[in-house]
1. Scan the strands (runs of 3 or more DSSP E) fully inside the range 107-192 and keep the ones with 1 or more residues being under 24 Å from R85 (Cβ atoms) and at pLDDT below 80.
2. Mind listing just one residue for me: the one in the range 278-315 that is under 17 Å from F265 (Cα atoms), exposed (fewer than 13 other Cβ atoms within 10 Å of the Cβ) and not basic (K, R) and, of those, nearest to the chain's Cα centre (by Cα)?
3. I141 passes all but one of (1) out of contact with any Phe, Trp or Tyr (no Cβ under 8 Å at 6 or more places or on another chain); (2) over 30 Å from L274 (Cβ atoms); which number fails?
4. Being surrounded by fewer than 16 Cβ atoms within 10 Å (Cβ to Cβ) and within 17 Å of G228 (Cβ to Cβ) is the filter here; which residues of the range 245-277 pass it?
5. For the range 283-329, which positions are among the acidic types (D, E) and in contact (Cβ under 8 Å) with a residue 24 or more places away in the chain?
6. Taking helices (runs of 4 or more DSSP H) that do not extend beyond the range 1-75, which have at least 1 residues that are touching a residue at least 60 places away in the same chain (Cβ under 8 Å) and surrounded by fewer than 18 Cβ atoms within 10 Å (Cβ to Cβ)?
7. Using the structure shown, decide if G213 is open to solvent by less than 20 Å² (accessible area, probe 1.4 Å) and at pLDDT below 90.
8. Taking the range 216-244 as the region of interest, how many residues are of a type in the set (V, I, T), surrounded by fewer than 18 Cβ atoms within 10 Å (Cβ to Cβ) and within 16 Å of the chain's Cα centre (by Cα)?
Amino acid sequence: MPEKKDYYEVLGVQREASEKEIKSAYRKLAMKYHPDRSDATDAEERFKEISEAYAVLSDKDKRRQYDQFGHAGINSQYSQEDLFRGVNFEDLLHGFGFGGGDSIFDMFFGGRSRGPERGRDLRYDLNLTLEQAAAGLETTIAVPRTEACPTCGGSGAKPGTNPTTCSSCRGTGQVTRAQNTPFGQIVTSTACPKCRGRGKIITSPCGECAGTGMVRRSRKINIKVPQGVEDGQHIKLRGQGDASSSGGPAGDLYVILNVLPHQQFQRRGSDLLLEVPISITQAALGAEIEVPTLNGRARLRVPAGTQTGSVFRLRGKGMPRLQGLGTGDLHVGVRVKTPSALSERQRQLLEALATEFGEPKPAQGEKEKSIIDKIVDEVKSAVQ
């Protein structure tokens with residue numbers, strides 16, 4: 001048997017790496033090497049390798065044992081199956097577009113059942129305006145999902161009849177087999193193929209669900225979206241997914257939050273960016289103007305001599321941060337608006353002013369950098 005690589009080296013992290021760094025490294029590598037995504041010939045082996053490394057380093061006790069004794073300490077204390085106990089691969093890999101925990105156990109153990117199969121997870125996309133994301137939202141959504149048949153109570157049998165016990169698995173819904181591996185003999189259980197894991201055989205199927213025990217229904221579910229959510233975040237509602245056809249727990253519902261673009265504001269984390277026009281006289285002489293915010297209007301003092309691209313900050317006028325951790329700022333960039341049509345009197349006054357300043361004829365310069373880009377630069381500079 002080839003010697004195992006160092007778990008830290010497998011994940012590409014330092015020995016003092018935090019739990020968050022270890023988790024992030026695993027997710028990146030899982031994206032790269034999962035057999036459902038990668039065409040590499042060694043993808044499955046690499047995926048097994050990084051999954052085993054994560055299973056050990058994400059557990060404080062196993063990591064301590066490994067740090068002290070290396071692979072010998074792990075092999076002497078844990079079976080291959082024990083290494084993965086307690087690791088929630090389902091949450092780790094959710095949203096990647098491939099299987100979660102069960103597929104990993106299938107790779108290692110050739111099929112492994114941990115009891116009745118749970119229902120399927122569902123996804124629901126919820127569109128929000130920027131104002132709704134800022135204020136939070138309580139709403140009701142309609143979710144199509146699979147549920148236990150109300151006529152037969154999920155048994156699949158016609159009312160007045162009863163399913164019979166499966167003779168193959170004797171009602172357990174599982175068949176067991178022993179497999180010899182380099183780590184010793186492993187006993188695995190899989191769903192009975194004859195009764196499909198139900199432990200019962202239906203001779204008189206229910207007319208409403210055709211013996212499946214399941215029907216499709218649209219259910220209204222209340223959800224609460226907290227203040228300050230960002231585009232792409234999700235809310236997980238446990239047990240609100242499809243029901244299990246084999247008596248296991250229902251799946252979960254993932255509500256994906258899509259924050260729609262705003263006509264006036266751009267968002268950078270908890271900060272908002274806004275561009276407003278001002279007149280030549282306001283820029284030259286200074287002025288107090290009103291600017292829009294997500295909660296009405298606010299007054300902004302523009303000092304005399306303001307140039308196009310100047311950025312002003314209104315503290316606390318941005319987006320609320322999640323979990324009540326304060327509020328971001330509103331960064332207002334100004335653009336001096338040049339009048340497009342002048343009266344003869346206005347033209348004479350401007351020409352006289354140009355002569356007073358001794359200004360030459362304007363030259364063609366480079367295309368001016370956009371105001372929003374300048375605001376972004378200033379925000380970055382403030383963060384640094």
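The values are calculated or read from the model by the stated rules, or taken from the named source; none is laboratory data. Please read these numbers as outputs of a predicted model, since none were measured by experiment. Cβ coordinates were reconstructed from backbone atoms using ideal geometry, including for glycine residues, and neighbour counts include every protein chain displayed. SASA here: full protein model, heavy atoms, side chains in, ligands and nucleic acids out. Shrake-Rupley method; radii C 1.70, N 1.55, O 1.52, S 1.80 Å.
1. On the way: elements: 122-128, 137-148, 174-181, 184-191.
By residue number, 174-181, 184-191.
2. N295
3. Condition not satisfied by I141: (1).
4. Step one: filter the range 245-277 for residues surrounded by fewer than 16 Cβ atoms within 10 Å (Cβ to Cβ), giving 249, 256, 258, 260-264, 269, 277.
Residues satisfying the conditions are I256, N258, L260, H262, G269.
5. Kept after step one, since they are among the acidic types (D, E), are these residues of the range 283-329: 288, 290, 329.
D329, the sole residue that qualifies.
6. Details: elements: 7-11, 19-33, 43-57, 60-69.
The qualifying helices (runs of 4 or more DSSP H) are 19-33, 43-57.
7. Values: open to solvent by less than 20 Å² (accessible area, probe 1.4 Å): yes; at pLDDT below 90: yes.
The answer is yes for G213.
8. Residues that pass the stated criteria total 1.
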